[in-house]
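Quick note: the coordinates plus some simple rules give every number you see, no bench work behind them. Computed from a predicted model, the values in this text were never measured in an experiment. Reconstructed Cβ throughout: ideal geometry from the backbone, glycine too, with neighbour counts over all protein chains shown.
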């Protein structure tokens with residue numbers, strides 16, 4: 001039997017198992033048809049291959065094994081101390097806790113009805129307003145970059161819908177997604193709608209618990225109306241055997257602003273992708289990402305930012321550190337479409353290698369299809385500057401402290417624009433804890 005035939009049989013068996021599983025999911029006949037359509041498209045397109053540029057360095061055999069598994073809907077008990085140790089220490093946030101993609105009401109905060117912020121479990125929304133969500137949640141296209149989103153839609157069961165009323169400055173939301181249990185997989189989705197002039201901060205935190213082989217394939221779907229502002233922070237802390245995948249799709253209307261941060265600091269394989277479309281005049285996207293890979297971890301950042309209207313602005317900063325035998329990947333593409341004159345874009349990629357065996361692949365790209373724009377990009381890869389290190393040592397610092405100072409300075413601008421000082425400090429602490437022992441920041445944070 002050829003490899004192609006074997007994979008075809010595997011996908012057929014997967015589709016048959018999905019058909020049985022889908023009958024247990026909420027949403028009725030309309031959503032069963034939508035899920036079946038998404039899986040049929042995924043099966044027709046097949047898994048991505050290394051011929052696809054955004055998957056060139058990905059561990060595809062591992063992904064194929066983990067992705068082609070039917071989720072187990074059974075609950076996995078979580079110890080209270082496990083949940084508490086995973087949480088970020090933040091004040092003035094509403095917290096929602098998910099276990100393997102399912103909302104845990106007993107661990108989550110209730111939202112007041114008069115805040116202008118509506119947050120509802122996706123499973124409940126699918127049951128109560130399925131037709132509305134059929135119009136809101138569309139099928140991804142056939143590109144290799146969106147293959148994960150098709151699979152997420154095929155197994156869509158839970159997550160959260162968040163909507164902010166026009167003109168409302170809503171309280172911050174903290175969504176903690178925990179993955180545990182041997183061989184477990186989940187496909188959570190977060191749907192965010194910010195009304196005209198609304199303001200919101202969302203912290204999306206994915207954690208792999210223990211040493212179990214888990215997979216989380218999440219999608220974050222964002223739509224900003226005119227003048228809306230959203231700060232979205234995605235933090236991924238996978239375990240040594242977990243796979244955490246997240247795809248962010250964002251649409252920005254005129255004068256709206258998306259400030260987006262992706263921080264990947266652990267995991268057997270963690271991948272975060274962003275596809276942002278600037279659809280209205282004076283809309284802005286600021287995309288910041290940070291990768292901290294150690295041991296044999298494989299961490300990836302992918303971005304596509306499209307300027308589809310004039311007078312739009314995008315800024316992208318990537319900072320990556322790889323040590324031991326780890327691998328990091330940055331693949332960023334900015335496209336300025338015809339008719340998007342007066343657009344401005346800046347892209348910066350800087351990576352740091354802390355060992356001889358570490359690898360970091362960076363591919364910044366600009367695709368400019370119109371005139372009268374201001375666009376620039378740059379990329380550097382290197383080691384800690386020995387001259388600066390020698391200078392710090394000559395001033396009496398020990399080697400570990402000197403290296404820690406240089407690493408902190410290298411990472412600082414990726415998080416400098418986080419609006420909440422408490423959130424920024426928590427991120428810095430998590431980063432410090434994840435650094436190799438010889439590089440730890442210790443009391444410097």
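If I take all pairs of Cα atoms in region 364-437, what percentage of them are more than 15 Å from each other? If you can, show how the numbers build up before the last one.
Values: 1869 of 2701 pairs.
Within region 364-437, distances greater than 15 Å cover 69 percent of Cα pairs.
If you build a Gaussian network model of the chain, linking Cα atoms that sit under 10 Å apart, which residue out of 67, 78, 278 swings the most?
78
Over all pairs of distinct alpha carbons, what does the Kirkwood formula give as the hydrodynamic radius of region 166-312, in Å? Intermediate values should be presented prior to the final figure.
Details: mean 1/r = 0.0641 Å⁻¹.
After inverting the mean inverse Cα-Cα distance, the result is 15.6 Å.
Could you tell me which of rounded, prolate or oblate describes the chain, using a ≥ b ≥ c as the square roots of the eigenvalues of the alpha-carbon gyration tensor, with rounded for a/c under 1.5 and, failing that, prolate when a/b is larger than b/c and oblate otherwise? Please report the intermediate quantities before stating the final value.
Numbers: a/c = 1.35, a/b = 1.24, b/c = 1.09.
Because its axes are fairly even, with a/c under 1.5, the chain counts as rounded.
Give the Kirkwood hydrodynamic radius (Å, one decimal) of region 168-209, defined as one over the mean of 1/r across all pairs of different Cα atoms. Please list the in-between numbers first.
Numbers: mean 1/r = 0.0799 Å⁻¹.
Radius from the Kirkwood sum: 12.5 Å.
For the chain, what proportion of DSSP beta bridges, expressed in % and rounded to the nearest 5, is antiparallel?
On the way: 7 of 142 bridges.
So the antiparallel bridges amount to about 5 percent of the total.
Counting pairs of alpha carbon atoms under 8 Å apart in space and at least six apart in sequence, what relative contact order in percent does region 332-445 give?
Working: 125 pairs, mean separation 25.2, N = 114.
Over region 332-445, the number comes to 22 percent.
Using only DSSP helix segments of four residues or longer, with each worth -39500 (n - 2.57), what per-residue ellipticity at 222 nm results for the chain after dividing by its residue count and rounding to 500?
-8000 deg cm²/dmol
Rounded, prolate or oblate: which one fits region 85-190, using the alpha carbon gyration tensor with axes a ≥ b ≥ c (rounded when a/c is under 1.5, else prolate when a/b beats b/c, else oblate)?
oblate
Where does each of 423-431, 264-272 land if you order them by average Cβ count within 10 Å, highest first?
Values: 423-431: 19.1, 264-272: 24.7.
Result, highest mean Cβ count within 10 Å first: 264-272, 423-431.
Let a ≥ b ≥ c be the square roots of the eigenvalues of the Cα gyration tensor of region 1-86; is it rounded (a/c under 1.5), or, if not, prolate (a/b larger than b/c) or oblate?
oblate
Defining a contact as two alpha carbons under 8 Å apart and six or more residues distant in sequence, what relative contact order in percent does region 180-328 show? Before the final figure, lay out each step's value.
Values: 483 pairs, mean separation 28.1, N = 149.
That works out to 19 percent.
How big is the gap, in Å, between the Cα center of region 164-235 and the Cα center of region 240-256?
8 Å
Alpha carbon centre of region 262-309 versus region 361-404: separation in Å?
About 18 Å separates the Cα centre of region 262-309 from the one of region 361-404.
Given an 8 Å cut-off on Cα distances and at least 6 residues of separation, report the relative contact order of region 324-374 as a percent.
Working: 78 pairs, mean separation 29.4, N = 51.
Worked out over region 324-374, it gives 58 percent.
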